[in-house]
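Note sheet for the following structure.
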Amino acid sequence: MNVNSSRRSFLKNTSTLCITTGLGLAMLPAVTNAARRLPLIGYTQKKLPYNYKALEPFIDAATMEIHYSKHAAAYAKNLADACAAEKIDTSKLSLEDLLKNITNYSAKVRNNGGGHYNHEFFWQCMQEGTTNLPVKLANAITQSFGSFEAFKTQFTDAGKNRFGSGWAWLVQTENQKLVVCSTPNQDNPLMNIAEVKGIPLLGLDIWEHAYYLKYQNKRADYIANWWNIVNWNFVAERGNMAGI
Ligand code: MN
């Protein structure tokens, strides 16, 4: 991922937020303040931050193309349709705030709002080539899980053991702890119905459409290979903004 463009969009989103939230910030709890420093995902599908072949051999170009241009594009379109039908004013409500109050909305908004958010987030969690684990993030992971390997095992198991379709997450909770969890379907930890709530720092799509062309039924192999393309700088940057 291009760090400069990420930083630019972060600054842009931050300045927008300061204008729209105004004096209300002082009354919000700490975790919300932390979350408000994070870049917003937005309602429309952004350009993929790399080309379809970039993640090979771990994720093949055909999977990426279908995943991005068909599956993820459909979530974005269906979310827009649902917002229009249900008169949700997306100019006044961030997708993040919508997800936090997801029980106020229809199943179509939940499935496609989650689907759109999760995919836009997922693309940023990956990059071409490997990155080193930034020291501050490495320390936070060690402190929470005992070791990086213990974290990796827990996250891998969350993905492997999710029955059916869903996601595995590394999340910062309200208590400023790092935890691993999994959500079904297109739910995510921002949602008020999530078992574990918090700010997603890293997410892995474990729907079959994310890996079936290359890995068929071997979800464990997909997860094992996926570690090679995690964008740790993105995870660390989110962690910094969320206050770890
Ligand atoms: Mn997917």
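Assorted remarks:
- Under the Karplus curve 6.51 cos²θ - 1.76 cosθ + 1.60, θ = phi - 60°, whole-Hz ³J(HN,Hα) for segment 169-176, x wherever Gly or Pro sits: 9, 10, 10, 9, 7, 4, 8, 6
- Karplus 3J(HN,Hα) series, Hz, for segment 99-113 with 6.51 cos²θ - 1.76 cosθ + 1.60 (x for Gly, Pro): 5, 5, 10, 5, 5, 7, 10, 6, 4, 5, 5, 4, 5, 8, x
- Derived scalar couplings ³J(HN,Hα) [segment 202-212; Karplus, 6.51 cos²θ - 1.76 cosθ + 1.60; whole Hz; x for Gly, Pro]: 8, x, 10, 6, 10, 5, 4, 4, 7, 8, 5
- Among the protein heavy atoms of the chain, carbon and sulfur supply 54% of the accessible surface, probe 1.4 Å, non-protein parts ignored.
- Size descriptors for the chain, from the alpha-carbon set: Rg then Dmax equal 17.2, 52 Å.
- Area accessible to solvent at TRP167, 1.4 Å probe radius, in Å²: 0 Å²
- Largest to smallest in accessible area, the residues PHE163, PHE155 fall in the order PHE163, PHE155 (1.4 Å probe, all protein chains included).
- Cα shape, segment 175-244, gyration tensor, a/c 1.5 rule: oblate
- The magnitude of the dipole of the chain, with charges of +1 and -1 set on the Cβ of Lys/Arg and Asp/Glu and taken from the Cα centre, is near 380 debye.
- Per residue, the accessible area of the chain comes to 48 Å² when a 1.4 Å probe rolls over the protein heavy atoms.
- The chain, helix-only ellipticity at 222 nm - DSSP H runs n ≥ 4, -39,500 (n - 2.57), divided by all residues, nearest 500: -14500 deg cm²/dmol
The values are calculated or read from the model by the stated rules, or taken from the named source; none is laboratory data. Remember, predicted model here, so these are calculated numbers, not experimental data. A quick note on method: Cβ atoms are made from the backbone with ideal geometry, for glycine too, and the neighbour counts reach across all protein chains shown. Just so you know, the surface numbers come from the protein's heavy atoms only, side chains and all, with ligands and any DNA or RNA stripped out. Shrake-Rupley method; radii C 1.70, N 1.55, O 1.52, S 1.80 Å.
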